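Peer 1: Have a look at the structure that comes next, please.
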Amino acid sequence: MGVDRRTVMLSAAAALAPLGAARAREDDTLAAAAARCGLGFGTAVGARGFASADYRALVERECAVITPENAMKWPALSPGPDRFTFEDADRYAAWAAKAGKALRGHTLLWPRQDRLPEWVKAYDFGPKPVEACDRLVGRHVATVAQRYAKRVGSFDVVNEAIDPATGAMRDSVLSQASGGLGRLIALSFQLAREAAPKAQLVYNDYMDWGTGSEKHRLGVLRLLESLRKGAIPVDALGVQAHVTAPADRGAAQRRERDWRAFLDEVTQMGYKLVVTEFDVDDREIVGDVAERDQQVADYGKRWAEIALSYPQLTTFVTWGLSDRFSWLDSFRPRADGQHKRGCLYDDDFQPKPLRAALIEAFSAAPARARPST
Ligand code: XIL
């Protein structure tokens, strides 16, 4: 009796797998490979992706976690003071519930001037601006957290509060009215905990391991420290992970030490880690598509392996699954004008080397406690 080719290939792969590690399987989905090491895998979904039945099917097959890419942001939810439009966000929540997926709430407070609703930028905070600002932010945070408390397992409560250029907190109409962002950040986490006591509460930011991110990392560490000291209910650091594959292939190795030192400090303070927005910008990579895809996969895998070496990392979310709907082209276009290829699937929803690389990384990762999300 002959042994079929697939069995031979599978047992050859199994023989090569490192001892003790879960093994990558030929028919693996990302969610299944991630779940074997106790990790929840998912993606953000934006309006264009959500409108495509094929894309929704891909997300349902490959993911255990869904993050609405824009639908839960303040400008999307609230067209004016005390006015809310939940229809769009509700559609994502209903989809996730029907498909049996965990939902991440992104984001309750994004205190960046350019990300605030227009009406907030023009808001009259009156003679008692501190109280007025507490009321404005507090009402938004509490209303949204309450509405989705039963559906959202993990909230990005505060997003990008640190100015990467200085490491200080960002300046905006909110910080000006409130005399700094500190009290609004604390208030947001406290209100989110009250409204959604079971949800994981995350501070989310894009500090990374690249040169030029030192001040950003330090600023985030200082913020996390002060939140701990004030006993503010923050469970995890969200690492956005919009990483850029460098033309210089030795860069990952050189950056690893600083990055581990940062993650060590965060986890030693007792924070969990969530990768919230992973993609691999290839704007610096030249060459044909196959070369670019391979470099994106190699760099993304190395980055993921380091993150996965922390058992405190329990969720891994990408910022889109397919290049077709990725935000990367609009973010910083390539100099040669070509379409970027920073996701796990191409424009036609065909898997790329980065997908296989992540499955390998998940399959070789140490086990961790199952995620709550
Ligand atoms: C981006 C979305 O992908 C875009 O569609 C939108 O135009 C702008 O926001 N950090 C974050 C995300 O926390 O919310 C951002 O999402 C990407 C950077």
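The values are calculated or read from the model by the stated rules, or taken from the named source; none is laboratory data. Not measured: the values here are computed from a predicted model. Glycine gets a Cβ as well: all are built from the backbone with ideal geometry, and neighbour counts include every protein chain shown. The protein model used for the area step is the full one, side chains on, heavy atoms only, and it has no ligands, DNA or RNA in it. Shrake-Rupley method; radii C 1.70, N 1.55, O 1.52, S 1.80 Å.
Peer 1: Being without any contact (Cβ under 8 Å) to a residue 12 or more places away in the chain and either touching a Cys at 6+ places or on another chain (Cβ under 9 Å) or more than 22 Å from residue 343 (Cα to Cα) (or both) narrows it down to one residue among 99, 89, 94; which is it? Talk me through it step by step, then tell me what you get.
Peer 2: Numbers: 99 fails: without any contact (Cβ under 8 Å) to a residue 12 or more places away in the chain; 89 fails: without any contact (Cβ under 8 Å) to a residue 12 or more places away in the chain.
Every option except 94 fails the conditions.
Peer 1: Are there strands (runs of 3 or more DSSP E) fully within the stretch 237-320 with at least 1 residues that are within 17 Å of residue 210 (Cα to Cα)? List them. Give the derivation first.
Peer 2: Working: elements: 242-244, 272-281, 313-318.
Where strands (runs of 3 or more DSSP E) fall fully within the stretch 237-320 and carry at least 1 residues being within 17 Å of residue 210 (Cα to Cα), they are 242-244, 272-281.
Peer 1: In the stretch 100-127, what count of residues is obtained for those that are within 16 Å of the ligand (Cβ to nearest atom) and of a type in the set (Val, Ile, Thr)?
Peer 2: Qualifying residue count for the region: 1.
Peer 1: Scan the stretch 141-162 and give yes if some residue there is open to solvent by 30 Å² or more (accessible area, probe 1.4 Å), touching a Leu at 6+ places or on another chain (Cβ under 6 Å) and part of a loop (DSSP other than H, G, I, E, B), otherwise no.
Peer 2: Yes - at least one qualifying residue is present in the stretch 141-162.
Peer 1: On to the next question. State which residue is farthest from residue 287 (Cα to Cα) when the search covers only the stretch 332-351 and only residues that are in contact (Cβ under 8 Å) with a residue 40 or more places away in the chain, touching a strand residue (DSSP E or B) at 6+ places or on another chain (Cβ under 8 Å) and open to solvent by less than 60 Å² (accessible area, probe 1.4 Å).
Peer 2: My answer is 349.
Peer 1: Taking residue 111, is it touching a Leu at 6+ places or on another chain (Cβ under 8 Å), within 28 Å of residue 182 (Cα to Cα) and buried (at least 20 other Cβ atoms within 10 Å of the Cβ)?
Peer 2: Spelling it out, residue 111 is indeed touching a Leu at 6+ places or on another chain (Cβ under 8 Å), within 28 Å of residue 182 (Cα to Cα) and buried (at least 20 other Cβ atoms within 10 Å of the Cβ).
Here is a yes/no grid of residues against (1) open to solvent by 40 Å² or more (accessible area, probe 1.4 Å); (2) modelled with pLDDT under 95; (3) over 19 Å from residue 364 (Cβ atoms); (4) among the acidic types (Asp, Glu):
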residue: 20; (1), (2), (3), (4): yes, yes, no, no
residue: 34; (1), (2), (3), (4): no, no, no, no
residue: 49; (1), (2), (3), (4): no, no, yes, no
residue: 68; (1), (2), (3), (4): no, no, yes, no
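Peer 1: Is at least one residue of the stretch 65-83 more than 25 Å from residue 198 (Cβ to Cβ), within 16 Å of the ligand (Cβ to nearest atom) and not in a loop (DSSP other than H, G, I, E, B)?
Peer 2: Taking every residue of the stretch 65-83 in turn, at least one turns out to be more than 25 Å from residue 198 (Cβ to Cβ), within 16 Å of the ligand (Cβ to nearest atom) and not in a loop (DSSP other than H, G, I, E, B).
Peer 1: Determine whether the stretch 282-297 contains at least one residue that is closer than 23 Å to residue 252 by Cα, within 16 Å of the ligand (Cβ to nearest atom) and of a type outside the set (Ser, Thr, Tyr).
Peer 2: Scanning the stretch 282-297 turns up at least one residue that is closer than 23 Å to residue 252 by Cα, within 16 Å of the ligand (Cβ to nearest atom) and of a type outside the set (Ser, Thr, Tyr).
Peer 1: Restricting the search to the stretch 209-262, which residues are more than 16 Å from the ligand (Cβ to nearest atom), closer than 21 Å to residue 186 by Cβ, within 18 Å of the chain's Cα centre (by Cα) and open to solvent by less than 10 Å² (accessible area, probe 1.4 Å)?
Peer 2: Within the stretch 209-262, 224, 234 qualify.
Peer 1: Out of all the residues in the stretch 295-317, is one or more over 25 Å from residue 236 (Cβ atoms) and either open to solvent by 20 Å² or more (accessible area, probe 1.4 Å) or at pLDDT below 95 (or both)?
Peer 2: yes
Conditions tested, residue by residue: (1) among the small types (Gly, Ala, Ser); (2) more than 15 Å from the ligand (Cβ to nearest atom); (3) at pLDDT 95 or above.
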residue	(1), (2), (3)
150	no, yes, yes
154	yes, no, yes
157	no, no, yes
167	yes, yes, yes
175	yes, yes, yes
185	no, yes, yes
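Peer 1: Continuing with this model, one more query. Report, by residue number, each residue of the stretch 321-358 that is within 16 Å of the ligand (Cβ to nearest atom) and not in a loop (DSSP other than H, G, I, E, B).
Peer 2: Correct list: 322, 323, 324, 325, 328, 329, 330, 331.
Peer 1: Got a number for residues in the stretch 84-115 being within 26 Å of residue 351 (Cβ to Cβ), touching a strand residue (DSSP E or B) at 6+ places or on another chain (Cβ under 7 Å) and outside any loop (DSSP other than H, G, I, E, B)?
Peer 2: The qualifying residues number 6.
Peer 1: So, of the residues in the stretch 116-140 that are out of contact with any strand residue (DSSP E or B) (no Cβ under 9 Å at 6 or more places or on another chain) and in a loop (DSSP other than H, G, I, E, B), which turns out to be least open to solvent (accessible area, probe 1.4 Å)?
Peer 2: Only one residue fits best here, namely 116.
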